[in-house]
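Remarks on the structure that follows.
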Amino acid sequence: MKTIIQTSKRNVLSLGLLFLFITSFTYSQHSGSGRQMPAIGVVNGSVMDSTSGQPLEYASISLVNMRSDEVVTGALSDKTGRFNIREVPLGRYRAVVEFIGYATKEISPINIFPGEGGGIEQNLGNIQLRISSVNLAQVEVLGESQFIQTIDKQIFTVGKNLAASGGSGEDVLNQVPTVAVDIDGNITLRGDANVTVLIDGKKVGFDRRSMVDNLQASMIEKVEVITNPSAKYDPDGVGGIINLILKRGAFEGFNGTTSLSAGQYNKNNISGNINYRTDTWNVFSSTSYRTGERYSDGLREFDRYWPVIQNPDSVTHLYQNTERTRNSNNISFRFGGDLYPTPTTTISYTSTFSKRDQTGEERVEEREETSKPFNSILAVQETGREYDWDHSISYENKFDSKDKKLNATLSYSIGNEKETEENLGGEAKDHHIHRNIIASLDYENKLGKNIDLEAGFKTTLKSLNDDLFFREGNYDYLYNEDIYALYTTLGYKINDRLGLKGGVRFEQVETVARINGDTTSATGITHYIINQAVENGDFDNPYTHVYPSVFLNFNLTEREQIQFGYSKRVNRPRTRSLNPFPNEMLDVTHIRTGNPFVRPEYSDVMELNFSSNSRKFNFNTGVSYKHTKDAIAWWDRDIIQYNGQDYQVLSAGNAESAKSLGGSVIVGYRPVPLISFMLTTWWWRSETEGGQYENDMTGTSYGMHNRGQLTLNIPTVARLELTVGGRGTMKITSGTIPANYGADLGLEKSFMNNRLSITLKVNDLFNNRKFIIDTSNDYEYYTQNMYAERKRGRRTTSINLRYNFGKQQKNKWDRKSYGRGGGGGMDMDY
């Protein structure tokens with residue numbers, strides 16, 4: 001892996017070697033060891049749950065040649081459980097049928113040849129898979145992390161992912177292919193930060209991040225990723241949608257799991273989840289308490305080059321050491337239930353609560369090299385308390401049909417956050433409350449044999465109230481955003497290989513922003529910026545827009561497919577981009593504010609994907625192109641003069657346009673059941689045109705991420721997981737961000753027939769994860785070079801104990817069908 005990360009030359013060489021490996025492996029899979037036989041056979045059937053008779057979608061069916069013992073072809077079952085494998089070469093085969101959480105089933109012999117004892121077309125009938133129980137020592141697949149590529153999305157099941165054990169939602173996302181979370185908690189998908197994050201198919205919180213850091217990893221069942229959503233889904237997030245699906249309890253009777261973890265720097269976590277399920281109802285609950293200390297340090301170096309004749313006394317160097325310590329206590333609680341009044345209807349309710357208390361200190365110390373230091377030490381004491389509470393009720397009706405479904409949901413969430421900053425120079429208090437109300441109705445139906453209809457509406461009402469107390473003054477920032485949406489999509493299956501899906505979404509949006517406060521005489525630059533925001537007045541921005549989408553899917557074989565997609569997307573400004581109050585009130589050397597006049601950006605997104613899946617080898621790759629109008633950028637730099645001193649203010653703004661090209665490669669290989677590899681790489685290149693008034697936004701940026709994971713199961717001994725990954729050297733508009741990589745190691749041992757497990761985990765194994773940036777900017781009177789380093793966190797060793805109790809066995813009333821029936825999957829919401 002280290003070879004990949006050294007230089008751009010080595011990146012290219014590694015990708016070339018990867019391409020040769022994939023090409024040779026794919027050829028060997030198709031060519032076999034003997035002479036080619038006519039590919040005229042057909043194998044079909046359906047896959048069902050052995051107790052409930054419910055169809056199993058995405059089950060893997062592999063045809064293995066009984067002479068060469070090689071996988072020749074295969075397929076995945078559809079939502080009705082059916083599969084149809086065509087163009088099978090003549091020969092004798094055995095079918096291997098697999099699905100996560102179920103025992104593997106083999107069917108043989110299957111004779112694909114004319115004459116007695118054989119046939120060109122073979123129907124395997126209803127293949128019934130039996131649920132695996134964790135009471136059986138030999139079963140490991142039930143808890144392992146899995147990555148599944150479907151036609152329209154990627155699914156990552158958390159399972160026993162050791163890197164996320166005892167952690168938060170951010171730790172889980174860092175294990176999902178093509179997803180990365182930086183040291184500030186910013187989430188990117190294929191390098192694009194304009195991504196929408198959902199929890200159980202809906203937004204929780206005011207911003208798209210949905211407060212995933214407050215979510216415990218033990219509460220998450222799986223993560224779904226859609227890189228180019230159709231008109232059915234919210235158009236927010238040019239980069240795509242990430243949906244975290246929480247556990248609901250799928251086992252019959254009374255069951256549960258408890259876990260306890262302890263680590264360095266007070267990183268402790270205790271969590272548990274229970275459920276009780278019968279044939280008519282299900283009740284589930286989970287809770288978690290997590291503590292931790294987060295320490296970060298770094299430096300900032302500013303070199304300003306002034307023409308001496310203009311200002312010989314100005315500061316030319318500002319060198320600072322930074323240090324921040326934060327201690328937090330997190331509590332999460334979730335309760336809910338499902339009621340089954342009929343075999344085809346489900347009524348569900350969930351309530352999710354999270355709370356965080358945090359204290360910290362930030363110190364900024366100017367070094368001796370600084371010219372005319374203004375303040376040798378800045379020490380800020382920070383306290384914060386926040387909570388989020390979400391309530392959701394849903395109704396689902398399948399109408400005694402596999403092809404028709406109606407979903408209705410109603411949710412209400414509220415968040416409350418209080419922050420205080422204090423030093424010798426004064427105090428700043430910030431209190432904001434956000435509320436969300438979401439109501440939606442979705443309908444699906446199959447019109448005839450080849451046409452699928454989807455239609456629905458959605459209403460989203462969001463409000464934010466931010467109260468700021470600073471320098472004896474009170475200020476209010478009020479923001480409301482109401483969205484009313486209608487959508488419809490039609491899918492048409494042209495033949496067994498070719499499918500087309502088109503749709504359109506209409507939205508009416510009302511946004512209102514109000515800024516109030518006392519604009520008395522300013523007492524400093526921060527006070528002056530706040531007064532300017534109040535004086536600039538209010539801003540209303542009502543708008544309507546239409547978002548079309550078109551997708552074309554072509555099956556090269558039963559296991560290989562190509563998909564092309566186009567969609568119109570929008571990136572609405574986040575709270576951080578809009579709120580005009582400075583992010584840090586007491587540090588005048590590093591001023592960041594929002595801009596309430598930032599407009600939404602619109603993108604035309606085109607994407608081409610290829611996937612090939614078999615029992616041992618999975619290969620997925622894609623390339624996307626985006627053209628954006630009114631691109632939102634966070635590096636709009638302005639110089640403000642106050643009392644004869646220049647201050648740099650970093651804010652958000654709209655560039656004229658942007659275009660970007662990106663791609664990804666995901667390779668999974670399991671040579672034997674005990675060993676698996678996953679290699680992921682994604683890259684992007686973006687060009688931004690600032691326009692006549694925003695020249696500082698014009699520029700080019702590009703970068704690459706790489707990640708590799710090795711999982712090794714040693715029977716009766718332990719399970720080992722090693723993850724290595726990070727970013728390559730990034731070029732940004734004003735400079736560079738050097739490459740940085742890190743590693744995580746986990747080791748797990750199971751006891752008592754897999755009921756008890758002990759995990760030893762080391763995060764940041766080599767203690768080398770950090771963020772570095774080196775920039776240069778030209779201003780009207782001077783040039784400024786900046787170099788900064790920041791390390792968030794340290795190498796941490798922890799141990800986790802996990803215990804499963806109860807029968808841990810699914811029964812015939814399991815209606816989830818892999819994400820459906822109250823599970824919060826993206827088929828439920830948009």
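Asn713 passes all but one of (1) open to solvent by less than 50 Å² (accessible area, probe 1.4 Å); (2) without any contact (Cβ under 8 Å) to a residue 40 or more places away in the chain; which number fails?
Condition (2) is where Asn713 drops out.
Residue by residue, here is whether (1) under 25 Å from the mean Cα position of the chain (by Cα); (2) buried (at least 22 other Cβ atoms within 10 Å of the Cβ) holds:
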{"residue": "Tyr543", "(1), (2)": "no, no"}
{"residue": "Arg574", "(1), (2)": "yes, no"}
{"residue": "Met585", "(1), (2)": "no, yes"}
{"residue": "Pro596", "(1), (2)": "no, yes"}
{"residue": "Ile632", "(1), (2)": "yes, yes"}
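Does Ile639 fit the bill of being more than 25 Å from Gly503 (Cα to Cα), open to solvent by 50 Å² or more (accessible area, probe 1.4 Å) and part of a strand (DSSP E or B)?
Considered against the rule, which asks whether it is more than 25 Å from Gly503 (Cα to Cα), open to solvent by 50 Å² or more (accessible area, probe 1.4 Å) and part of a strand (DSSP E or B), Ile639 comes out as yes.
From the set of residues in segment 680-710 that are assigned to a loop (DSSP other than H, G, I, E, B) and open to solvent by less than 60 Å² (accessible area, probe 1.4 Å), which is nearest to Thr759 (Cα to Cα)?
Taking the candidates together, the pick is Thr698.
Considering only segment 336-360, state which residues are open to solvent by 60 Å² or more (accessible area, probe 1.4 Å) and at pLDDT 90 or above.
Correct list: Leu339, Pro341, Ile347, Tyr349, Lys355, Thr359.
Hey, Ile241 hits all of (1) among the hydrophobic types (A, V, I, L, M, F, W, C); (2) touching a Pro at 6+ places or on another chain (Cβ under 7 Å); (3) at pLDDT 90 or above but one; which does it fall short on?
Result: Ile241 passes all but (3).
When you check Ala533 against the structure, is it open to solvent by less than 80 Å² (accessible area, probe 1.4 Å), outside any loop (DSSP other than H, G, I, E, B) and modelled with pLDDT under 85, yes or no?
yes
Failed condition for Asp744, given (1) acidic (Asp, Glu); (2) more than 24 Å from the chain's Cα centre (by Cα); (3) assigned to a strand (DSSP E or B), with all others met?
(2)
Based on what the data block shows, is Thr488 closer than 30 Å to Asp390 by Cα and of a type in the set (Ser, Thr, Tyr)?
So Thr488 fits the description; yes.
Only one residue in Asp213, Asp236 is surrounded by fewer than 23 Cβ atoms within 10 Å (Cβ to Cβ) and either modelled with pLDDT under 85 or farther than 23 Å from Ser463 by Cα (or both), so which one is that?
Only one candidate qualifies: Asp213.
Among Glu780, Glu748, which is the only one that is more than 30 Å from Val623 (Cβ to Cβ), crowded, with 17+ Cβ neighbours inside 10 Å and acidic (Asp, Glu)?
Matching residue, one of Glu780, Glu748: Glu748.
Please state which of the following conditions Thr523 fails to meet, knowing it meets all the rest: (1) touching a Lys or Arg at 6+ places or on another chain (Cβ under 7 Å); (2) in a strand (DSSP E or B); (3) among the β-branched types (Val, Ile, Thr); (4) over 20 Å from Arg569 (Cα atoms).
The failed condition is (2).
Table: residues versus (1) open to solvent by less than 20 Å² (accessible area, probe 1.4 Å); (2) in a strand (DSSP E or B); (3) touching a helix residue (DSSP H, G or I) at 6+ places or on another chain (Cβ under 9 Å); (4) small (Gly, Ala, Ser).
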residue	(1), (2), (3), (4)
His434	yes, yes, yes, no
Ala439	no, yes, no, yes
Asn445	no, yes, no, no
Leu453	no, yes, no, no
Phe457	no, yes, no, no
Leu461	no, yes, no, no
Asp467	no, yes, no, no
Glu481	yes, yes, no, no
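Pairs, please: C-beta under 8 Å, at least 6 apart or cross-chain, first residue part of a strand (DSSP E or B) and in segment 158-185, second basic (Lys, Arg)?
Ser168/Arg290; Ala180/Arg727
Considering segment 595-630 alone, what residues qualify as being among the aliphatic types (A, V, I, L, M) and modelled with pLDDT under 90?
Across segment 595-630, the qualifying residue is only Val598.
Mind checking whether some residue in segment 98-115 is acidic (Asp, Glu) and assigned to a loop (DSSP other than H, G, I, E, B)?
no
For Lys405, all conditions in the list (1) open to solvent by 30 Å² or more (accessible area, probe 1.4 Å); (2) farther than 24 Å from Asn480 by Cα hold save one; what is the number of the exception?
All conditions are met except number (1).
Is it the case, given these coordinates, that Ile732 is in contact (Cβ under 8 Å) with a residue 12 or more places away in the chain, surrounded by 16 or more Cβ atoms within 10 Å (Cβ to Cβ) and of a type outside the set (Lys, Arg)?
yes
Quick check on segment 80-90. Is at least one of its residues more than 18 Å from Ala39 (Cα to Cα) and not in a strand (DSSP E or B)?
yes
Filter segment 388-402 for residues that are of a type in the set (Asp, Glu) and surrounded by 16 or more Cβ atoms within 10 Å (Cβ to Cβ); which is nearest to Leu215 (Cα to Cα)?
The residue in question is Asp388.
The conditions are (1) buried (at least 20 other Cβ atoms within 10 Å of the Cβ); (2) among the β-branched types (Val, Ile, Thr); (3) touching a Gly at 6+ places or on another chain (Cβ under 8 Å), and Val623 fails exactly one of them. Which is it?
(1)
Suppose we keep only residues that are more than 40 Å from the chain's Cα centre (by Cα) and open to solvent by 80 Å² or more (accessible area, probe 1.4 Å) within segment 103-122. Which one would you say is farthest from Glu558 (Cα to Cα)?
Glu116
Please give the number of the condition Asn706 fails out of (1) in contact (Cβ under 8 Å) with a residue 60 or more places away in the chain; (2) out of contact with any helix residue (DSSP H, G or I) (no Cβ under 6 Å at 6 or more places or on another chain).
Failing condition for Asn706: (2).
Residue by residue through segment 66-102, note down the ones that are over 25 Å from Gln561 (Cα atoms) and surrounded by 18 or more Cβ atoms within 10 Å (Cβ to Cβ).
Gly101, Tyr102
The values are calculated or read from the model by the stated rules, or taken from the named source; none is laboratory data. In this text the structure is predicted, and so the values were computed from the model without any measurement. Glycine also receives a Cβ, built like all others from the backbone with ideal geometry; neighbour counts cover every protein chain displayed. To get the accessible areas, we keep the full protein, side chains included, count just its heavy atoms, and leave off ligands, DNA and RNA. Shrake-Rupley method; radii C 1.70, N 1.55, O 1.52, S 1.80 Å.
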